[in-house]
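> Mind looking over this structure? Questions follow.
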Amino acid sequence: MTISSCVENSIAQIEPGKIFECSDLDVYNKSPDAVLKSLSRLVATNRLGRVSKGKYYVPKKGLLGDMKPSDSELLKSCLYRKGQRVGYITGAALFNKLGLSTQQPKTIEVATAGSRQEKNFGTIKIRLVTSLAPVSDKNVPLLELLDVLRNVKYISDAPPSEVIRLLTVIISRLEEAVVKDLQDLALNYYSPSTKALLGFIISCIGFRPNPELKKSLSPTTKYNIGIDEAEWPSAKEWSIR
């Protein structure tokens, strides 16, 4: 069977509207150049659509003709690669998801490894930003919390004290082992102010913060977050004000 026939047989099994990568095809490793040529011919004859370099889809048939992938499928193509999680939603879209902001951003930020770039798919715009830590399904919820702490002063609809109250509730519900993982990520990848805020929150909920969090901070640095010191008197222990 020719490479072209193998490609067509593989594509016949792909659900219309689902985005796939050229490397997802079994025959790709055998003859990548021939596979790319076959895919290009299919795009030229409108049997396939291309969303970006190396990413394709089988068009769905609609009443008005071929349909592009849904916004959720386009977003998914930036969050996963070969079935593995490589990115997560951050920025204003994350704040909105957590109920910290009513803002519906026109561009969704996705933190992932690699260089910064913007993708305009017409119906949805996605900005890829560099993640501070390696991304996996397991640690995405923790990276989201740390990103909120990192941006605590810049969430438009929620003052810092409100953000801290919410994160205090969320973190208090985590298992001790997960809180340890959260601290490890902060220690290895995040800024001093994020580490200070995390240590402060953990102390507020009755857990014992990792001593390395405080050791990693400069004793002379103050973190001007803008919280109510009367509501959070123990913030001084972490040089937060």
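Read-outs: derived from the displayed coordinates by stated rules, not from any lab. Please read these numbers as outputs of a predicted model, since none were measured by experiment. For neighbour counting, all protein chains shown are included, and Cβ atoms are generated from backbone atoms with ideal geometry for every residue, glycine included.
> Cβ neighbours within 10 Å, averaged per peptide: list 11-24, 84-97 in order, most packed at the top.
On the way: 11-24: 14.6, 84-97: 19.4.
My ranking of the peptides, most packed first, is 84-97, 11-24.
> Here is the link list: Lys55/Lys106; Lys30/Lys138; Lys97/Lys119; Lys153/Lys180. Which ones come out longer than 29 Å on Cα distance?
Checking Cα-Cα distances, Lys30/Lys138 exceed 29 Å.
> Rounded to whole Å, give me the distance from the Cα center of the stretch 104-174 to that of the stretch 178-241.
Here the two parts' Cα centres lie 19 Å apart.
> I need to check one value: relative contact order of the chain, counting alpha carbon pairs closer than 8 Å and at least 6 residues apart, in percent.
Numbers: 322 pairs, mean separation 27.5, N = 241.
Relative contact order for the chain comes out at 11 percent.
> Can I ask one more? Tell me, what HN-Hα J-couplings in whole Hz come from the Karplus equation 6.51 cos²θ - 1.76 cosθ + 1.60 at θ = phi - 60° for each residue of the stretch 77-92, using x for Gly and Pro?
5, 8, 8, 10, 9, 6, x, 9, 5, 10, x, 8, 6, 9, x, 4
> Still on this structure: Under a 5 Å amide H to amide H cut-off, with H placed in plane at 1.01 Å, what residues pair with Val86 once short-range neighbours are removed?
Tyr80, Arg81
> Residues with amide H under 5 Å of Val110's amide H, sequence separation 5 or more or different chain, H placed in the peptide plane at 1.01 Å from N; which?
Thr90, Arg127, Leu128, Val129
> Also, quick follow-up: All other residues with a Cβ under 15 Å from the Cβ of Val43 taken together, and with Lys, Arg as +1 and Asp, Glu as -1, what is their net charge?
Net charge around Val43: +4.
> Under the Karplus relation 6.51 cos²θ - 1.76 cosθ + 1.60, θ = phi - 60°, what is the ordered set of whole-Hz ³J(HN,Hα) values for the stretch 132-145, x standing for Gly and Pro?
The phi angles translate into 7, 10, x, 10, 8, 4, 5, 9, 4, x, 6, 5, 4, 4 Hz.
> Calculate, for Leu166 and Glu212, the FRET efficiency according to 1/(1 + (r/R0)^6) with r their C-beta to C-beta distance and R0 41 Å; round to the nearest 0.05.
0.95
> A follow-up question, please. Determine the calculated [θ] at 222 nm for the chain from helices alone, applying -39500 (n - 2.57) to every DSSP H run no shorter than 4 residues and normalising by the residue count; nearest 500 deg cm²/dmol.
That calculation yields -12000 deg cm²/dmol at 222 nm.
> Further question: Would you kindly calculate the translational diffusion coefficient of the stretch 145-241, applying Stokes-Einstein with the Kirkwood radius from alpha carbon pairs, for 20 °C and a viscosity of 1.002 mPa s, and quote it in µm² s⁻¹ without decimals?
161 µm²/s
> Give me the distance in nm between label points sitting 7 Å out from Cα along the Cα-to-Cβ direction at Val51 and Glu229, one decimal.
5.0 nm
> May I ask you to order 146-152, 185-191 by the average number of other C-beta atoms within 10 Å around their residues, highest value first?
146-152, 185-191
> Also, quick follow-up: What residues have an amide H closer than 5 Å to that of Phe121, excluding those fewer than 5 places away on the same chain, when H is modeled at 1.01 Å from N in the peptide plane?
Those lying under 5 Å, H to H, from Phe121 are Ile126.
> So what are the ³J(HN,Hα) numbers for the stretch 44-56, from phi and the Karplus equation (6.51, -1.76, 1.60; θ = phi - 60°), rounded to whole Hz, Gly and Pro as x?
My calculation for the stretch 44-56 gives 5, 9, 6, 7, 10, x, 10, 9, 6, 4, x, 10, 9 Hz in order.
> Taking the alpha-carbon distance from Lys236 and a cut-off under 17 Å, which aspartates and glutamates remain once sequence neighbours fewer than 8 residues away in the same chain are dropped?
Asp228
> Now for a different question. Two decimals is fine: what is log10 I(q)/I(0) at q = 0.18 Å⁻¹ for the chain, from a Debye sum with one equal scatterer on every Cα and no solvent?
Summing over Cα pairs of the chain leads to -1.29.
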